[in-house]
Amino acid sequence: MRKINPSNFIKFLSQKKINFFTGVPDSLLKNLLLELERKNLQKNIITCNEGTAVSTAAGYYLATKKIPCVYMQNSGLGNAINPLASITHSKVYSIPLLLLVGWRGEPKIIDEPQHMVKGKITLDLLKLLKIKYLVINSKTKSLAKISKLISFSKKTNSVIAIVVQKGTFSVTSKKAIKKNKFSLKRSDIIENILRIIPNKTYLISTTGYTSRELNFLRSQKKIKNGKDFYMVGGMGHASSVAFGVSKNRKSKVICLDGDGSLLMHLGALQTIGYYGKKNFFHVLFNNRSHESVGGQDIKSQKINFKNLSKSLGYKNYYKIQKKSDINKIKKIFKLESGPTFIEIQISNGTFKKLTRPKNFIKIKKEFIS
């Protein structure tokens, strides 16, 4: 079965005068996005969330009168709906865009539970938004239908969408995930935290490798300290869930967050900083990449998380950079003032046979018991 060559697809879009790309990386689009990165296209902007990508693309059109491409996982449609309905919609400003949407949780395809609800309603959401769409996969032999769809967008000044099924794009770039200069492993830090926290501690972990490693270490190391809630979906919302728990419990609450997740809904930090209690500890695993969906660079090198967290109301800030710093973590968790922000700079990489959390209802019941 012949898949679509990413390089040829990008060239096809270029021939249709579509040369500007923006969005949030998705695993189903990984091969295409790696090709965009390999070509070192200057007009490829990775944004913190999908709504921002749609708005950025709208600005590009207003400046150039050319159709931009916005890429995302279908879960990101939730973030994108506001600008799609209130800015680009044909009944508002009628701004043409090409959406490239990875279809996780596609009906009749085995996928992770957190993708199934959005997967089932993906096409319905596009219909509700009056977005004309086309589904493509590895069996798509001709791009003629896409060409017609693009012509429709240009003629009507409307948003269109290409919904991408699993395995659509072939591998053309063997480019490895960029290695950063950090040496600490996320798994080592998580294990250390599990061994030093009081038994009544609550941990809320972000989507991706963080939740999977926390769950894996629980199973492999048989560590029972604390209770876990895995944010296997809802990227960017782990800190808010943790904040909600901390406001209504006296025990320590630790949010295990990622840099991509934190930046996706950065405004949550202001709420936590203003209303947060002393029992809230925000642990940021910073590897400067969207590691679990392809390792794309987040472009966060210039962010000073100390100044950021302090300006938003966090009482304390600590940075963990090397092994000798790990000993500080136990002392930090004993602080009686908060909320506290802990930035931990980590390398890329995870376990080879990393399992996934299962039976979410059971996990919830055990967490709230």
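Each value in this text was obtained by applying a stated rule to the coordinates, not by laboratory testing. Bear in mind the structure is a predicted one, so any value in this text is a computation, not a measurement. Backbone-built Cβ (ideal geometry, glycine too); neighbour counts: all protein chains shown.
Annotation: the residues 65, 227, sorted from fewest to most other C-beta atoms within 10 Å of their own C-beta, follow the order 65, 227. Less than 5 angstrom separates the built amide H of residue 299 from none of the residues sequence-distant by 5 or more or on a different chain. Sorted largest first, the spans of the alpha carbon positions of the range 186-368 along the three principal axes are 39, 38, 33 Å. Applying 1/(1 + (r/R0)^6) with r as the Cβ-Cβ distance of residue 183 and residue 223 and R0 = 22 angstrom yields a FRET efficiency of 0.40. Taken about its Cα centre, the range 186-368 carries a charge dipole of about 720 debye when Lys and Arg each add +1 at the Cβ and Asp and Glu each add -1 at the Cβ.
Applying 0.36 nm per residue to the separation of residue 307 and residue 43 and subtracting their alpha-carbon distance, the gain on full extension is 92.0 nm.
Only the Cβ atoms of Lys and Arg (+1) and of Asp and Glu (-1) were treated as charged; on that basis the dipole of the chain about its Cα centre amounts to roughly 560 debye. Of the residues 117, 59, 27, the one whose Cα sits farthest towards the positive end of the charge dipole of the chain is 27 (charges of +1 on Lys and Arg Cβ, -1 on Asp and Glu Cβ, taken about the Cα centre). Annotation: amide H-H contacts under 5 Å for residue 287 (H modelled 1.01 Å from N, sequence separation of 5 or more, or interchain): 259, 346. Hey, what did the chain get for relative contact order, percent, Cα under 8 Å, at least 6 apart? Reported as a whole number, the value is 16 percent. Each residue of the range 221-272 gets 90 Å³ once the volume of the Cα convex hull is shared out per residue. Length gained on full extension, residue 128 to residue 3: 42.0 nm, using 0.36 nm per residue less the C-alpha separation.
Relative to the present Cα-Cα distance, how much length would full extension add between residue 316 and residue 351 at 0.36 nm per residue of separation?
The span from residue 316 to residue 351 would gain 9.4 nm if fully extended.
Measuring between their Cα centroids, the range 199-238 and the range 270-343 lie 17 Å from each other.
Taking the convex hull of the alpha carbon positions in the range 157-275 and averaging its projected area over all directions gives 12.0 nm².
Within the range 6-164, the ratio Rg/Rh, alpha carbon atoms throughout and Rh by Kirkwood, equals 0.93.
Below 8 Å between Cα atoms, with a sequence gap of 6+, how large is the relative contact order for the range 251-306 in percent?
The normalised contact order for the range 251-306 reaches 40 percent.
Beta bridges per DSSP, both residues in the chain: antiparallel share near 5 percent. Our summary of shape: the Cα atoms of the chain have principal axis extents of 62, 42, 40 Å, ordered from largest down, in whole angstrom. Where nothing but the Cβ of Lys and Arg (+1) and of Asp and Glu (-1) is charged, how large is the charge dipole of the range 254-343 around its Cα centre, in debye to the nearest 20? Dipole magnitude for the range 254-343 comes out near 480 debye. Take 105-115, 354-364 and order them by the average number of nearby Cβ atoms within 10 Å per residue, most first; the result is 105-115, 354-364.
Axis of helix 186-196 versus longest Cα principal axis of the chain: the two differ by about 30°, to the nearest ten degrees. Using the Cβ of residue 76 as centre and a radius below 12 Å, the other residues enclosed give a net charge of 0, where K and R count +1 and D and E count -1.
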